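The values are calculated or read from the model by the stated rules, or taken from the named source; none is laboratory data. Just so it is clear, the structure is predicted and the values come from calculations on it, not from any experiment. Don't worry about glycine lacking a Cβ; one is built from the backbone with ideal geometry, like all the others, and counts go over all protein chains shown. Calculation scope for accessible area: heavy atoms of the full protein, side chains included, ligands and nucleic acids excluded. Shrake-Rupley method; radii C 1.70, N 1.55, O 1.52, S 1.80 Å.
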Amino acid sequence: QLQLVESGGGLVQPGGSLRLSCAASGFTLDYYAIAWFRQAPGKEREGVCYINSSGGTNHYANSVKGRFTISRDNAKNTVYLQMRSLKPEDTAVYYCAATREQSFWNWLNTNKYDFWGQGTQVTVSS
């Protein structure tokens, strides 16, 4: 089946770190841009970050700049989200999404994404 497989979520204390992984199953990510979104209960889905197909262009939401890093390893068919200095407000279900569309300026448009991961829960709490 063609899907994105996420892993790495869990419970961490404030100030801690987690690394999320998003691996493609059944297709290659070489030509796909990837974005991470998150959604907390009762809140709108929020764009977190974006990386283009080559890894040369990244975008981050202001709320995570300087703390989160998106990267990719096309040889492993995987995209990563390294999260540092985690805050309680980072608590959410995190989703990765893939698109073959090449532009980056509209990365927050959820309609451009062809595949979505199942979501992984990140909880930041004492």
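With respect to LEU11, determine if the residue is exposed (fewer than 13 other Cβ atoms within 10 Å of the Cβ) and either outside any loop (DSSP other than H, G, I, E, B) or within 11 Å of the chain's Cα centre (by Cα) (or both). First the steps, then the outcome.
On the way: exposed (fewer than 13 other Cβ atoms within 10 Å of the Cβ): yes; either outside any loop (DSSP other than H, G, I, E, B) or within 11 Å of the chain's Cα centre (by Cα) (or both): yes.
Criteria met by LEU11.
Of all residues assigned to the stretch 77-86, at least one qualifies as being more than 16 Å from VAL122 (Cβ to Cβ) and out of contact with any Cys (no Cβ under 6 Å at 6 or more places or on another chain). Only residues that are open to solvent by 20 Å² or more (accessible area, probe 1.4 Å) and not polar (S, T, N, Q) were counted across the stretch 67-82, and they come to 6.
Of the residues examined, ALA98 is one that is assigned to a strand (DSSP E or B) and aliphatic (A, V, I, L, M).
I'd like the full set of residues that are touching a residue at least 12 places away in the same chain (Cβ under 8 Å) and either open to solvent by 40 Å² or more (accessible area, probe 1.4 Å) or of a type in the set (Gly, Ala, Ser) (or both), limited to the stretch 92-109. Please lay out each step first, then the result.
Of the stretch 92-109, the ones touching a residue at least 12 places away in the same chain (Cβ under 8 Å) are 92-102, 104, 107-108.
Those that are touching a residue at least 12 places away in the same chain (Cβ under 8 Å) and either open to solvent by 40 Å² or more (accessible area, probe 1.4 Å) or of a type in the set (Gly, Ala, Ser) (or both): ALA92, TYR95, ALA97, ALA98, ARG100, GLU101, GLN102, PHE104, LEU108.
Every condition in (1) open to solvent by 30 Å² or more (accessible area, probe 1.4 Å); (2) out of contact with any Leu (no Cβ under 8 Å at 6 or more places or on another chain); (3) assigned to a loop (DSSP other than H, G, I, E, B) holds for VAL5 except the one numbered (3).
Determine whether the stretch 49-56 contains at least one residue that is at pLDDT below 95 and open to solvent by less than 60 Å² (accessible area, probe 1.4 Å). Break it down stepwise before answering.
Applying the first criterion (at pLDDT below 95) to the stretch 49-56 yields 53-56.
Filter once more, keeping what is open to solvent by less than 60 Å² (accessible area, probe 1.4 Å): 53, 55.
Yes, the stretch 49-56 contains a residue that is at pLDDT below 95 and open to solvent by less than 60 Å² (accessible area, probe 1.4 Å).
Taken together, the residues in the stretch 70-91 that are in contact (Cβ under 8 Å) with a residue 12 or more places away in the chain and either within 15 Å of ALA33 (Cα to Cα) or part of a helix (DSSP H, G or I) (or both) amount to 13.
Filtering the stretch 26-38 to residues that are open to solvent by 20 Å² or more (accessible area, probe 1.4 Å) and under 16 Å from the mean Cα position of the chain (by Cα) leaves only TYR32.
There is at least one residue in the stretch 41-56 that is polar (S, T, N, Q) and without any contact (Cβ under 8 Å) to a residue 12 or more places away in the chain.
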